[in-house]
Amino acid sequence: MVEPTINFCVCVPARNEAERLPVLLDALAAQDWPGPVMVSIGVNNTTDDSLDVIGRAQRQHGALLDITVAVADFAPELAHAGSARKLAMDAGLARIAMAKDGVLVSTDADSRPPVDWLRNIAQALDRGADMVGGRIDIDSEEPLPPAVSALRAAWDAYWAAVRAIEDAIDPLPWDLAPRHGDHTGASLAIRASVYQACGGVPLLATGEDWALVTAALARGARLAHPADVYIAVSPRLDGRAEGGMASAMQQLYRDAEEGGRPMAPAFYHWRERAMWRRRLRARADGHALIARREPLLPPMPHDMALEISA
């Protein structure tokens, strides 16, 4: 059992998630982490009985979970993913801001973390990371159709090949292989000091998690993707966030139904990009400079058909 040297607060945006919150909260109560797990739930623009569900979970898991709830009704133009995640994470920050080694852990209401999720995140932080991304897996309770599963496996193989190229050319001592490549709001740990320094979650309708990571990297933060940090999520097609996981699943289903081979950047583009990073990283401020300059580069052409196993 890991000693509780890190003060975690798991932060969950929730909008009409009464059906799915019990799965997440049960999984958090089952963590092999000592002491009660601190949880901050941001309930926004909600018309279901999410608050009653959270209250029942707190009574059921009172010795294992320490839950607080922030409630807000955002105006229509602000009722989006950025506001929702910021509500949950800022409320979590208020709970741990004065604590040594405070860490915010973002997840989503339809997630199911394994029992060693927090423990493995803690180990990555102890190895020098400032942020820890978790691999996104599909919940085994909601399996994908065979054609969709095959296409997802093809994309997984493609990204594994990209990471192998990067690891060979521009390895990072805090993000060593084997590693995955995910760092989304469904599983993203960030030190409270880093979160504060980069201004917290930006108020973006979509992509708020990627923007937070980019802002932290631009200040020199170190991001790790350990293979043992992962989380299961629902492959639902009716997600709350525009451009989020549900949108990605919709595109995956469309591509599978069309039966073609999606296009992706050829691997030599990734080799060139990794060499560009390595050259820049040789500078004293290279790590942060990469994060600031890379979003400004032209997008890679999608000039290679994805290999899909029969």
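Figure legend. Inter-residue proximity from segment 159-181: first residues within 16 Å of Ile136 (Cβ to Cβ), second residues in a helix (DSSP H, G or I) and basic (Lys, Arg), beta-carbon distance below 7 Å, spacing 6+ or different chains. Indicated pairs: Arg179/Arg163; Gly181/Arg163. Looking across segment 173-204, the residues that are in a loop (DSSP other than H, G, I, E, B) and touching a strand residue (DSSP E or B) at 6+ places or on another chain (Cβ under 7 Å) come down to Trp174, Asp175, His180, Asp182, His183, Thr184, Gly185, Ala186. Screening Ala216 with (1) farther than 23 Å from Leu28 by Cβ; (2) open to solvent by 10 Å² or more (accessible area, probe 1.4 Å); (3) part of a helix (DSSP H, G or I) gives one miss only, at (2).
One residue stands out among those in segment 297-310 that are in a loop (DSSP other than H, G, I, E, B) and in contact with a strand residue (DSSP E or B) (Cβ under 8 Å, 6 or more places away or on another chain): the one that is most open to solvent (accessible area, probe 1.4 Å), which is His302. Is it the case, given these coordinates, that Ala79 is of a type in the set (Gly, Ala, Ser), more than 14 Å from Thr107 (Cα to Cα) and at pLDDT below 95? Here the answer is yes, as Ala79 does meet what is asked. Yes or no: Ala197 open to solvent by less than 60 Å² (accessible area, probe 1.4 Å) and either at pLDDT 95 or above or of a type in the set (A, V, I, L, M, F, W, C) (or both)? For Ala197, the condition - open to solvent by less than 60 Å² (accessible area, probe 1.4 Å) and either at pLDDT 95 or above or of a type in the set (A, V, I, L, M, F, W, C) (or both) - is met. Scanning segment 11-37 for residues being over 22 Å from Phe74 (Cβ atoms) and either of a type outside the set (A, V, I, L, M) or touching a Phe, Trp or Tyr at 6+ places or on another chain (Cβ under 9 Å) (or both) gives a total of 11. For Ala177, indicate whether it is over 15 Å from the mean Cα position of the chain (by Cα), closer than 18 Å to Ile121 by Cα and open to solvent by 50 Å² or more (accessible area, probe 1.4 Å). For Ala177, the condition - over 15 Å from the mean Cα position of the chain (by Cα), closer than 18 Å to Ile121 by Cα and open to solvent by 50 Å² or more (accessible area, probe 1.4 Å) - is met. So in segment 276-296, with the set limited to residues that are without any contact (Cβ under 8 Å) to a residue 24 or more places away in the chain and open to solvent by 50 Å² or more (accessible area, probe 1.4 Å), which one is nearest to Ala161 (Cα to Cα)? Per the criteria, the residue is Trp276. Would you confirm whether or not segment 45-56 contains a residue that is open to solvent by less than 30 Å² (accessible area, probe 1.4 Å), touching a residue at least 40 places away in the same chain (Cβ under 8 Å), out of contact with any helix residue (DSSP H, G or I) (no Cβ under 7 Å at 6 or more places or on another chain) and among the small types (Gly, Ala, Ser)? No, every residue in segment 45-56 fails to be open to solvent by less than 30 Å² (accessible area, probe 1.4 Å), touching a residue at least 40 places away in the same chain (Cβ under 8 Å), out of contact with any helix residue (DSSP H, G or I) (no Cβ under 7 Å at 6 or more places or on another chain) and among the small types (Gly, Ala, Ser).
Taken as a whole, segment 100-107 holds no residue that is in a helix (DSSP H, G or I) and of a type in the set (Ser, Thr, Tyr).
Taking segment 17-44 as the range and being closer than 19 Å to Asp238 by Cβ and in contact with a helix residue (DSSP H, G or I) (Cβ under 7 Å, 6 or more places away or on another chain) as the test, the residues that pass are Glu17, Ala18, Leu21, Pro22, Val43, Asn44.
The values are calculated or read from the model by the stated rules, or taken from the named source; none is laboratory data. Quantities reported herein were computed from a predicted structural model and do not represent experimental measurements. Heads up, the Cβs are rebuilt from the backbone with ideal geometry, glycines too, and the neighbour counts pull from every protein chain shown. Just the protein is used for accessible areas: all its heavy atoms, side chains included, with ligands, DNA and RNA removed. Shrake-Rupley method; radii C 1.70, N 1.55, O 1.52, S 1.80 Å.
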